[in-house]
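In what follows, a structure is listed as structure tokens, so that the remarks can point back to it.
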Amino acid sequence: MMSAIIPILTMPTRHPRIWREISPVVPGTHPYDGPEETIDRMFNALDVDAWVSARRSSLDEAKASAAGIIQAVREGGDGALLAMARKHEPDLTSVRVTDEDVEAAYNDVEDRLIESLIEAEARITRFHELQKERSLWLDEVEPGIVLGVKTTPLDRVGLYVPGRRAAYPSTALMNAVPAKVAGVPEMCACSPPPILPLTLVALDIAGVSEIYRIGGAQAVAAMALGTETIRPVQKIVGPGNVYVTAAKMMLREHAEIDFPAGPSEIGILADSTANPVFIAIDILAQSEHDPDAACVLVTTDKTLPARVRDEIGRLLETAPRREIIEKALAQSGYVIERGMDEAITAMNEIAPEHLSIQVGDSLTVLNAVRHAGSIFVGPYTPVAAGDYASGTNHVLPTAGYAKTYSGLNVSHFCKTSTVQIIDRRGLDAIGDTIEAIADAEGLNAHAESVRIRRMFH
């Protein structure tokens, strides 16, 4: 396989202070002909710090509701889950999806979609195979001392696949494929009822046979705590709404999680070379996910926000999910920076789930970016490519958590153990060091465990 060689570029000098020019478009001065009330509240100038703070605060507000749901599942088990599921699918007799349900789903999905899912799964697998660590490596770092790492997959993981507002078969693939590549023997998946056939087919293609019709915080609670029929998992992965994300964070003492992955978001870093139509459609693409989705344009071009806003208005007129998009646009907007160094600094502060770089010198900017879930470089790299078929994973940290977390990958489904193999030569080489430090710490038995061994020949 041939791989492109990308030169290591020198990071640009950063200006120590962020300078922002907030210049909202005056309502009614652009060509969008929609209601003026809608114009006033969509895609306006914003403050980075306030925007990031708002994304975090929504999670805090959801924790009270999530706590009640978690307690209901803890006390009611399967009965509580079924009662909650029946609110959306009244005739359910069990939350478990049967093999017959999955087989029937194939009959309800067009062949071309099945083929597309198979192709996407293959591309996602190919990329994640590149991430796979050796199961064991050992290296003799000096005579008599061999060190290494043993990598072991987790035994059982839980996958959360969003649903109800839209089907997300792509997320089924994104959750399951890296777990399968890692070698996890047991995967269970939860998705809100009714689960659409396309999602069931995707889960089956990805190798998931244990599927439950459960959504929201109750799904997270069921996988973390276990019920009469659902055995607890070691780790829960997958994006969801603020209640799902809050529940994941609250139940970490029972099951580890990937990272906070809430409502979708995009940050777009652009200069005067950017195409406003491309930016506008990328913003709509993120906004149509969820009313709580959000988009931020950071640019050095003072004229670009107004042109993007015009294009948003034009595209919005025929958007099928217009109502959802408008709600998301109410918490989206733009920031104008004096120079690219300041723009990069602002974007690093935002640490977006998706980062689109649409600038002239894209590789220099890419090199300077420190915090983003997944990065899309150039005008012909839409976020949708990573959402579906390029092979990268679209399960990513949101709300600024990309500063400390990586997007979902094979390592999320593994744990490592360090290995050491030391013979007499090696112990003699490091024995004095061990004994001196152990004695200084007052841990006599530690030191003796080395001294006694060194006395034997």
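The values are calculated or read from the model by the stated rules, or taken from the named source; none is laboratory data. Source: prediction; values computed, not measured. Every residue, glycine among them, receives a Cβ derived from its backbone with ideal geometry; neighbour counts consider all protein chains shown.
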Under 15 Å from Ala222 (Cβ atoms) and in contact with an Asp or Glu (Cβ under 9 Å, 6 or more places away or on another chain): which single residue out of Arg96, Arg74 fits that description?
Arg96
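Matching residues to (1) in a loop (DSSP other than H, G, I, E, B); (2) under 46 Å from the mean Cα position of the chain (by Cα):
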position: Asp387; (1), (2): no, yes
position: Ala402; (1), (2): no, yes
position: Tyr405; (1), (2): yes, yes
position: Asp432; (1), (2): no, no
Which one of these is surrounded by 24 or more Cβ atoms within 10 Å (Cβ to Cβ), within 19 Å of Val102 (Cα to Cα) and in contact (Cβ under 8 Å) with a residue 24 or more places away in the chain: Ala247, Ala202?
Ala202
Which count do you get for residues in region 413-453 that are surrounded by 13 or more Cβ atoms within 10 Å (Cβ to Cβ) and within 21 Å of Gly144 (Cα to Cα)?
18
Close pairs (6 angstrom Cβ cut-off, 6 or more residues apart or separate chains): surrounded by 13 or more Cβ atoms within 10 Å (Cβ to Cβ) in region 88-102, of a type in the set (Lys, Arg) anywhere
Leu92/Arg86; Val95/Arg213
Per the list (1) of a type in the set (Gly, Ala, Ser); (2) in the same structural domain as Leu225 (by TED's automatic domain parsing); (3) at pLDDT below 95, residue check on Ala293 breaks on (2)
Pick from region 56-75 the residues that are at pLDDT below 80 and not acidic (Asp, Glu): which of them is nearest to Ala328 (Cα to Cα)?
Ser58
Considering region 308-345 alone, what residues qualify as being without any contact (Cβ under 8 Å) to a residue 24 or more places away in the chain and among the aliphatic types (A, V, I, L, M)?
none
